[in-house]
Structures are given as C-alpha cells and as structure tokens.
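To keep things clear, I will list the structure first and then write my remarks on it.
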Amino acid sequence: MNLDTTLDKIYGIGPTIYKKLQKIGLNTISDAIFYYPFRYEDFSHLKQINELVNEESATIKGKIILLNNKRSPRKKMNITEMLLGDDSGQIQIIWFNQPYIKNILQIGDEIFVSGVVKKSLLGLSLINPNYEKTNRDTSHTARIIPIYPSTEHLSQKQLRYIIKQSLSCINELHERLPSQIIKKENLIEIKEAIKQIHFPDNYKKLDLAKKRLSFDEIFLLSCLSKFIKKQNIELSAPQINFKEKQIKDLVKKIPFKLTEDQRKATWQILKDISHKIPMNRLLEGDVGSGKTIVSFICAYNVILNKYQAILMSPTQILTKQHFENAVKFFKDYDINILLFTNSDRLLFNGKKQLAQKLTKKEINKFVKKSDFIIGTHSLIQQNVEFKNIGLIIIDEQHRFGVKQRQELTKKSDISPHFLSMTATPIPRSLALTIYGDLDISKILQKPANRKKIITKFVYSRNRTKAYEFIYNQIQNGRQVFVVCPLINESDKLGVKSVMSEYEKLSNDIFPNLKIEYLHGKMKETEKQKILKSFSDNETKILVSTSVIEVGIDFPNVTIMIIEGADRFGLASLHQFRGRVGRGEHQSFCFLFSESNSEKSRKRLEILTKTDNGFELAEYDLKFRGSGDLYGIKQSGFMNGVKIADLSDLELIKKCNIWAQYIFEKGLEKFPQIKKEIELLSSDIHLE
Ligand code: ADP
Ligand code: MG
C-alpha cells in the first residue's frame with residue numbers, strides 16, 4: 001500500500017463500504033489520513049463503576065457477566081443487554097439494533113466500554129457505548145478518541161479502522177514546509193502532526209498537531225493567493241473605454257435614483273475595466289442593495305465597446321429572473337440578450353423560444369451573435385464558443401473566479417475582466433486572507449424607503465400563536481415562505497425535510513390552504529409551475545429548501561418562516577429574511593428553533609436586533625467559527641481549510657509574511673509547496 005492506493009485495498013473494506021467512503025470524498029489512503037476528526041471524546045481516564053456519575057462520559061474496564069439479545073415489544077427494536085462488573089460494582093449496558101454484538105463478545109470477556117452514563121429506572125447505565133476487547137489494540141476506547149464527520153451509514157468504528165490502517169503509510173508523506181519555517185515557528189513535523197490529530201496521546205500533543213496543521217492550511221492559502229495574483233498580472237484584458245455620454249443617458253432612464261454607493265461601485269468597475277490588467281473585483285452589497293443594476297450598467301459599457309458581457313448565476317430561477325430584468329432594462333436599446341440555462345432551451349431577446357434540439361453549431365451561432373449572455377454554469381459545462389468576452393459577472397457566488405475565467409476563455413488569448421457579486425458580507429479579516437489581493441467594492445446604503453422587517457424568535461410554546469398570526473396575514477391576502485434545513489447529510493437535496501414539513505402544514509396546521517413545496521430534486525418545469533402558482537397568489541404557502549435563498553423576488557410574500565433556524569449561520573438567515581420585505585406591506589421573519597438552549601436563542605436574537613449583514617457576518621465568525629460562514633466554505637478556494645481558525649489574525653499575518661518570503665525566493669525553489677498550490681488551484685470548483 002502507498003498514499004495513492006484506493007481504500008478498497010484495505011483488508012475488510014468491500015465495495016459497499018468503499019462506495020460510502022467515496023461519497024464523503026475518501027478515495028485513497030492519502031484522503032483518509034487528511035480526513036481530520038471534528039471533535040474528540042475523552043476516554044483517557046479509566047473509572048471504577050462505583051465512581052460513575054449521571055450524564056458524564058466515562059470509560060470503564062470490566063468483565064461481562066450477562067449478555068442477551070431481545071426484541072422490544074412495542075417499537076420492534078433489537079436490544080442487546082449486558083451486565084458488566086469490576087471490583088467496585090456492576091452496571092447495565094444497552095445497545096439498540098446491534099444484535100451482532102452478541103457474536104463478537106462473550107460472557108467472561110474483559111472489555112473497555114466508553115460512553116455517556118445515563119440514569120434510568122434501573123439505576124445508572126450506558127446506552128450504545130463504544131466497546132473494545134482489552135487484549136486488542138485500543139483505538140476505539142481507552143484514550144482521547146476521534147469523532148469524524150460522517151454519514152449515517154458509516155460508523156465511527158469503521159472510519160477509525162480505515163484511518164488507523166491508512167496511517168501505516170504515513171512514512172511516505174513528505175515534509176512540505178521548508179525547515180527554516182518549521183524551526184522558526186516551533187512546529188512539529190507533518191507526520192507526527194497527522195498521527196496526533198487522529199489518535200492523540202494527550203491534549204498537549206493534540207494542540208501541537210492542530211497548531212501545525214492550521215499553519216499549513218493558512219500558509220498554503222496565502223501562497224495560493226499570491227500565486228493567483230501573479231498569474232493574473234501576466235494576463236492581458238481588453239481595454240473597455242468609458243462611453244460617458246451613453247452611460248449617462250442610460251442612467252437617466254432608470255426609474256429611481258441610484259444610491260451614492262451604487263454610483264461609486266459602478267465608477268470603480270468602469271475605471272478598472274478600462275485597464276489592460278484583468279479586473280478581479282468583488283461587489284459586496286447586502287440583500288436588496290441593488291447590485292444587479294450596477295452590473296447591468298457596466299455590461300452596457302462593455303457592449304458599447306463591442307465586447308460580450310456574461311452574467312452567470314447559481315440557479316435557473318434566479319438566472320431567468322435576471323434575464324427578464326435585463327430584457328426590460330434594455331428594451332429601448334439594440335442589444336441581443338440570450339438566456340442560456342441549458343443547451344436545449346435558449347431564449348433570444350425574450351421573444352423566441354428556440355427549437356428543442358439545437359446542434360452545437362446552432363448554439364454557438366446564437367451565442368456568437370449575442371451581446372449579453374445570461375446563464376447558469378451550464379455555460380461552462382457545455383463548452384460554448386463565445387465571440388469575445390469582455391466582462392464576466394458572477395452573481396451570488398462567492399467564488400474566486402480564476403478557474404471560471406480560464407474555462408470560459410480557453411480558446412482566446414485575452415482574459416476578460418471579472419466581477420463577482422455577493423450579498424455575503426465577508427468580515428474584513430477574512431477577506432484579506434481569502435481574497436488576498438482582490439479588490440472590493442461595497443454597497444452599504446440601501447435604497448430609500450425600504451421597510452424594516454420584524455424578526456421574532458419563537459419559543460416552541462408559542463408556535464400555535466405564531467400560526468394564528470400567519471393565518472390572519474394570509475386571510476389578508478399575503479403569502480408565506482417556509483424554509484427547512486437539511487436534516488441529515490444523506491438528504492442532500494432536502495427532499496425529506498421539505499416533505500415532512502409540507503405534510504405537517506397541509507394536514508395538521510392549515511388544511512384549508514393551498515400549500516406547495518419546492519426542492520432540489522424536482523424537474524425544472526415542475527418548479528416553474530409551482531412558482532407560477534405562487535406568483536399568481538393561488539398558492540399561499542411555499543415550503544422549500546434553501547434554494548429560495550438567493551435572488552428571487554416575490555413582493556407579496558410578507559412572512560418568512562425558518563424552521564431549525566439554529567442550524568443556519570446568521571448570514572444565511574439574513575439572506576432568507578431578505579426574501580420578504582420587498583413590497584409595500586410590513587413583513588415578518590419568524591425563527592423557529594428545535595433547540596431552546598440559551599446559547600442558540602441568544603445567537604438568533606441578534607437577528608431580531610440588527611439588519612446589517614456585515615455585522616451579522618462578524619457575529620457568525622465569533623459564535624460559530626469561520627467554518628460556518630455562509631458561502632465561503634463552498635467556494636473551492638477554502639477546500640484546504642479544515643481546522644484552521646480564520647479569525648486568528650496573528651496566524652494569518654505570519655503566514656502572509658512567509659508566503660511573501662517564498663515568492664521572493666522563487667516558488668521554483670520549493671517544489672513541495674509548488675505541488676500543493678497547483679493541486680489546490682486545480683481544485684477550485686465551478687458549481
Ligand atoms: P441585490 O443587491 O440583492 O441583488 P437587486 O439588485 O435584486 O438586489 O435589487 C433589489 C431591488 O431594488 C430591485 O427591484 C431593484 O430594481 C431595486 N433597486 C435597486 N437600486 C435601487 C435604488 N437605488 N432605488 C430604489 N430601488 C432600487
Ligand atoms: Mg441579487
């Protein structure tokens with residue numbers, strides 16, 4: 001076995017488990033050793049049975065006195081009962097639905113058992129604990145044990161076994177940091193760090209491992225950022241001249257007055273794209289701050305220069321909405337606008353529904369004669385040929401954009417300008433790290449006369465009251481969004497959670513109202529039908545996954561219900577909230593949470609007090625750590641960050657300085673780092 005060996009070569013790992021491993025991104029030995037635990041349970045101190053305390057986690061060593069399987073009569077569950085004894089006493093141990101335990105263990109065996117102690121009618125017991133025979137190696141119990149991110153189908157035990165086996169290849173791992181960095185920063189070796197992160201000997205060693213691996217993550221990110229910047233400067237972009245008169249005429253026609261920030265952002269972009277260096281700018285503006293129009297104005301200037309502008313957005317719904325807005329916006333101008341959501345449904349200038357089966361050639365013909373192309377990522381996937389792209393705009397996608405630019409312009413020797421737009425406020429410290437030298441424009445002001453949305457945290461005991469209020473609103477003609485969280489990993493598209501909420505609402509709560517649902521697994525035509533009925537105010541309540549999060553605009557919807565609000569970051573919740581409050585009526589956002597814990601309530605109550613997205617993102621960083629920051633994690637750029645704390649400014653500064661050092665010396669001199677960076681940059685995803 002070596003680092004590239006696939007995991008199915010490990011003894012005992014068959015195709016079924018291998019498939020599950022692949023689902024969580026584990027293909028090779030190397031993947032497994034870099035799959036870090038997300039927390040630990042401390043079973044490093046053995047306890048006597050008579051020392052056990054309710055609700056505490058503990059590890060005990062004892063002999064099996066009794067062992068039985070039985071079925072619970074009511075729930076038809078399989079129950080394995082054990083009585084375990086040591087010198088100090090005896091305790092009952094129970095496992096549910098693991099009957100095979102009886103075949104693994106026998107009366108008289110000496111075992112370790114680790115778990116949380118629970119008090120029941122029969123005294124203290126351990127429910128579903130980890131166990132291990134004492135004569136075997138003890139990766140599962142008598143130590144600080146790692147808990148890995150998993151799906152419900154892979155047990156911790158299986159994961160631990162696989163990682164333990166994979167670690168036998170650890171000696172092949174090359175040290176990637178130059179020795180002077182390791183020395184100056186007092187870091188431990190990579191091999192030791194990896195070993196300790198999985199199976200720490202003690203907390204001190206675990207801390208050293210975390211320190212080392214965090215350093216690697218941020219350092220490589222800093223290097224990547226420098227690498228990309230360097231590549232960018234070497235490229236050459238079309239110079240887009242500022243057509244002052246025409247732009248002014250266009251702006252005059254807009255039915256409202258642009259905010260000062262919108263003007264400033266527009267001006268910054270127009271200035272950037274007049275240069276030969278490709279623009280790489282992020283336009284940050286809170287939900288509803290009016291980013292779209294800024295991008296349209298800039299696109300117009302590009303088109304006036306006889307270049308194509310492209311606008312890509314993440315969902316078909318949002319893309320279609322942009323297209324309709326663009327057609328309206330440019331109705332008095334001679335501009336060809338193309339909607340491209342997938343290759344057999346092109347819409348040219350909003351007039352003609354093109355034939356179902358276009359050949360590649362026909363598609364390219366349409367693309368080439370379009371000035372403004374609005375599409376989803378299928379624009380990239382379909383390998384479309386463009387005429388000459390001047391500007392690429394990516395909406396609501398917090399992507400770095402380098403890869404997209406490469407993909408879209410593979411065949412051309414000029415590199416277009418790049419504008420990403422996001423409502424995801426990125427805390428300054430984070431922006432500096434992640435986006436390194438990226439330029440940022442901000443729209444802080446909101447258009448005048450926006451009403452404040454009333455946000456309430458609803459205790460479970462007040463649920464009924466909230467439903468009454470909602471019913472009244474609906475009677476007054478308003479409509480409701482219900483957002484459901486993903487309940488578990490395997491329900492990736494949210495089908496399960498949406499269906500169960502839908503059934504609850506339509507059967508039990510509002511049986512006489514028309515309620516519909518929307519989730520990722522539905523066909524596009526079906527979705528459109530449902531949205532149509534919602535937009536016609538026939539459907540009163542729309543239950544959905546977070547797909548409605550971005551962009552879409554239904555001014556008559558005044559209530560946003562968020563179920564399981566504690567599962568979302570504040571910035572995400574703020575996005576959902578931004579779906580209401582778009583019309584003339586007072587709007588409301590109700591946060592329902594499964595957890596009534598003080599901490600989670602406190603966090604959610606921040607939302608009731610502020611509607612400043614930038615502030616909320618800072619809170620997210622403080623409360624939940626950077627890992628939860630909306631959007632950032634999905635951006636391929638952050639794939640390499642698993643344990644580092646992105647709010648650790650000290651570390652970020654240090655790494656930036658070292659990255660600078662590497663690039664001054666020349667990346668070529670550090671082949672190991674170069675390899676890693678190239679790997680990371682090829683990993684920046686599109687979708
Ligand atoms: P976001 O920044 O969230 O993408 P949009 O661009 O979708 O926001 O704008 C939200 C709404 O506000 C749109 O209906 C848009 O026409 C309107 N809008 C944009 N700028 C202004 C403005 N300066 N004054 C009034 N309304 C505006
Ligand atoms: Mg938008």
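The values are calculated or read from the model by the stated rules, or taken from the named source; none is laboratory data. None of these values were measured; they are calculated from a predicted model. Positions of Cβ are backbone-derived with ideal geometry, glycine not excepted, and every protein chain shown enters the neighbour counts.
Looking at Lys70, Lys102, Lys76, which one is assigned to a strand (DSSP E or B) and basic (Lys, Arg)? Please lay out each step first, then the result.
Details: Lys102 fails: assigned to a strand (DSSP E or B); Lys76 fails: assigned to a strand (DSSP E or B).
Step by step, each of Lys70, Lys102, Lys76 is checked, and only Lys70 is assigned to a strand (DSSP E or B) and basic (Lys, Arg).
Being under 28 Å from the mean Cα position of the chain (by Cα), at pLDDT below 90 and buried (at least 20 other Cβ atoms within 10 Å of the Cβ) is the requirement here; does Gly494 meet it?
Working: under 28 Å from the mean Cα position of the chain (by Cα): yes; at pLDDT below 90: yes; buried (at least 20 other Cβ atoms within 10 Å of the Cβ): yes.
Spelling it out, Gly494 is indeed under 28 Å from the mean Cα position of the chain (by Cα), at pLDDT below 90 and buried (at least 20 other Cβ atoms within 10 Å of the Cβ).
Out of all the residues in the stretch 447-476, which are closer than 30 Å to Leu258 by Cβ and either surrounded by fewer than 17 Cβ atoms within 10 Å (Cβ to Cβ) or free of Cβ contacts under 8 Å to residues at least 40 places away in the same chain (or both)?
From the stretch 447-476, those closer than 30 Å to Leu258 by Cβ are 447-455; that's our starting set.
Pro447, Ala448, Asn449, Arg450, Lys451, Lys452, Ile454, listed by residue number.
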If you go through the stretch 246-295 one residue at a time, how many are among the hydroxyl-bearing types (Ser, Thr, Tyr) and within 7 Å of ligand 1 (Cβ to nearest atom)?
3
For the stretch 439-489, what are the residues that are basic (Lys, Arg), over 30 Å from Asp272 (Cβ atoms) and within 16 Å of ligand 1 (Cβ to nearest atom)?
Lys451, Lys452
Residues of the stretch 113-132 that turn out to be buried (at least 16 other Cβ atoms within 10 Å of the Cβ) and at pLDDT below 85, as a count
5
Pairs under 8 Å by beta carbon, first residue more than 12 Å from His153 (Cβ to Cβ) in the stretch 8-24, partner loosely packed, with under 11 Cβ neighbours inside 10 Å, six or more apart or different chains?
Asp8/Gly14; Asp8/Pro15
Checking Ile269 against (1) under 19 Å from Lys446 (Cβ atoms); (2) buried (at least 23 other Cβ atoms within 10 Å of the Cβ), which test does it fail?
(1)
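Quick one: is Asn280 within 13 Å of ligand 2 (Cβ to nearest atom) and under 30 Å from Asn612 (Cα atoms)?
Numbers: within 13 Å of ligand 2 (Cβ to nearest atom): no; under 30 Å from Asn612 (Cα atoms): yes.
Answer is no for this residue.
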Of residues in the stretch 293-341 being within 11 Å of ligand 2 (Cβ to nearest atom) and within 15 Å of Thr376 (Cβ to Cβ), the one surrounded by the fewest Cβ atoms within 10 Å (Cβ to Cβ)
Gln321
Need the failing condition index for Glu55 against (1) part of a loop (DSSP other than H, G, I, E, B); (2) acidic (Asp, Glu); (3) under 27 Å from the mean Cα position of the chain (by Cα), just the number.
(3)
Among (1) assigned to a helix (DSSP H, G or I); (2) surrounded by 22 or more Cβ atoms within 10 Å (Cβ to Cβ); (3) not basic (Lys, Arg), where does Phe590 come up short?
(1)
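Within the group Ile515, Ile509, which residue is in contact (Cβ under 8 Å) with a residue 24 or more places away in the chain and surrounded by fewer than 17 Cβ atoms within 10 Å (Cβ to Cβ)? Give the derivation first.
Numbers: Ile515 fails: surrounded by fewer than 17 Cβ atoms within 10 Å (Cβ to Cβ).
Checking each option against the conditions leaves just Ile509.
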Kindly establish whether Met312 is outside the structural domain of Asp553 (by TED's automatic domain parsing), among the aliphatic types (A, V, I, L, M) and away from ligand 1 (no atom under 16 Å from the Cβ).
no
Selection within the stretch 656-674 - free of Cβ contacts under 8 Å to residues at least 60 places away in the same chain and part of a helix (DSSP H, G or I):
Ile657, Tyr661, Glu664, Lys665, Glu668, Lys669, Pro671, Lys674
Looking only at residues in the stretch 133-162 that are over 22 Å from Asp201 (Cβ atoms) and of a type outside the set (Val, Ile, Thr), which one is modelled with the highest pLDDT?
Gln158
When Ser572 is run through (1) assigned to a helix (DSSP H, G or I); (2) over 19 Å from the mean Cα position of the chain (by Cα), the failure sits at (2)
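I'm trying to understand the selection: among the residues of the stretch 559-605, which are of a type in the set (A, V, I, L, M) and more than 16 Å from ligand 2 (Cβ to nearest atom)?
Going residue by residue through the stretch 559-605, those that are of a type in the set (A, V, I, L, M) are 559-562, 565, 570-571, 573, 580, 591, 604.
Answer for the stretch 559-605, where residues must be of a type in the set (A, V, I, L, M) and more than 16 Å from ligand 2 (Cβ to nearest atom): Ile559, Met560, Ile561, Ile562, Ala565, Leu570, Leu573, Leu591, Leu604.
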Taking the stretch 90-109 and keeping only residues that are over 46 Å from the mean Cα position of the chain (by Cα) and surrounded by 15 or more Cβ atoms within 10 Å (Cβ to Cβ), one is left with Gln90
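Residue by residue, here is whether (1) within 30 Å of Phe38 (Cα to Cα); (2) in a helix (DSSP H, G or I) holds:
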position	(1), (2)
Asp207	yes, yes
Ser225	yes, yes
Lys230	no, yes
Phe242	no, no
Leu250	no, yes
Lys276	no, no
Just one of the numbered conditions (1) part of a helix (DSSP H, G or I); (2) away from ligand 2 (no atom under 16 Å from the Cβ); (3) without any contact (Cβ under 8 Å) to a residue 60 or more places away in the chain is not true of Ser214; which one?
(3)
